[in-house]
1. Nearest 0.05, what FRET efficiency do Leu135 and Tyr31 give at R0 = 30 Å with Cβ-Cβ as r?
2. Averaging over every viewing direction, what projected area does the convex hull of the Cα atoms of the stretch 35-98 cover, in nm²?
3. Efficiency by 1/(1 + (r/R0)^6): what FRET value for Arg184 and Thr42, r their Cβ-Cβ distance, R0 = 25 Å, to the nearest 0.05?
4. What are the ³J(HN,Hα) couplings of the stretch 95-105, residue after residue, when phi is run through the Karplus curve with 6.51, -1.76, 1.60 and θ = phi - 60°? Round to Hz, x for glycine and proline.
5. Once the piece of chain linking Gln172 and Phe63 is laid out straight, how much longer is it, given 0.36 nm per residue of separation minus the C-alpha distance between them?
Amino acid sequence: MLFRRRKPDGLFERVRTYLWPRRSFSRSLQYFSKRILRLKATPHAVAAGVAAGVFASFFPVGFHFIIAAVLCWVIAGNLVAAALGAVFFGNPLTFPLLWGASWETGKLILHDRLPTHGPPAHLGEMLHTLSFAKLWHPVLEPMLIGAVPLGLVFGLVFYGITRWGMNVFREQRRKRLAERARRREHSPHSGGSVGSAAQ
């Protein structure tokens with residue numbers, strides 16, 4: 001390629017760029033918005049896809065894309081929009097917040113079923129010290145249960161925002177195209193004007 005970097009980025013640089021974009025988060029948000037708004041699908045399909053990706057981001061790693069894909073199939077969402085929503089909303093910077101919120105919410109819901117003896121547990125500590133089988137009751141079960149209400153709330157919020165944005169974007173584009181067509185029709189160099197002048 002003509003503009004390819006002479007020296008490709010190493011693993012550290014790729015990870016750093018993923019965590020902290022080279023330009024800025026506002027530019028990354030603009031890029032994400034344009035990718036979403038330009039998808040060729042109905043506003044409902046795009047908004048439902050984004051909502052599915054956001055919903056799935058509250059679940060532990062490994063469940064993300066499976067949940068997003070199944071949810072897209074159920075609510076007729078766009079799978080590309082779901083992937084974009086999951087990558088944007090669920091990333092290494094937000095995962096600790098999302099999973100911590102899911103865990104705490106699940107603990108509140110399962111309060112009567114969780115053990116009350118012993119010192120208070122910390123999520124990061126348990127993830128490092130416990131095996132997968134031992135993680136189910138103290139960590140995974142609360143996270144999965146807590147992820148459902150949080151995912152529903154944030155998914156519905158992003159559905160509304162995305163659908164509104166899609167409708168506004170497409171209406172503005174329709175008006176621009178109509179205005180451009182009107183100007184061509186009234187242009188003195190257009191074929192219609194020349195034909196009417198010849199008559």
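1. After rounding to 0.05, the efficiency reads 0.25.
2. The Cα convex hull of the stretch 35-98, projected and averaged over all directions, gives 3.9 nm².
3. Taking R0 as 25 Å, the efficiency between Arg184 and Thr42 is 0.30.
4. Values, residue by residue: 3, x, 5, 5, 6, x, 5, 5, 5, 5, 5 Hz.
5. My answer for the length gained is 35.5 nm.
Any read-out appearing in this document is the output of simple, stated calculations on the displayed coordinates, not a laboratory observation. These figures come from a predicted structure and were not determined experimentally. All Cβ positions, even for glycine, are placed from backbone atoms using ideal geometry, and neighbour counts span all protein chains on display.
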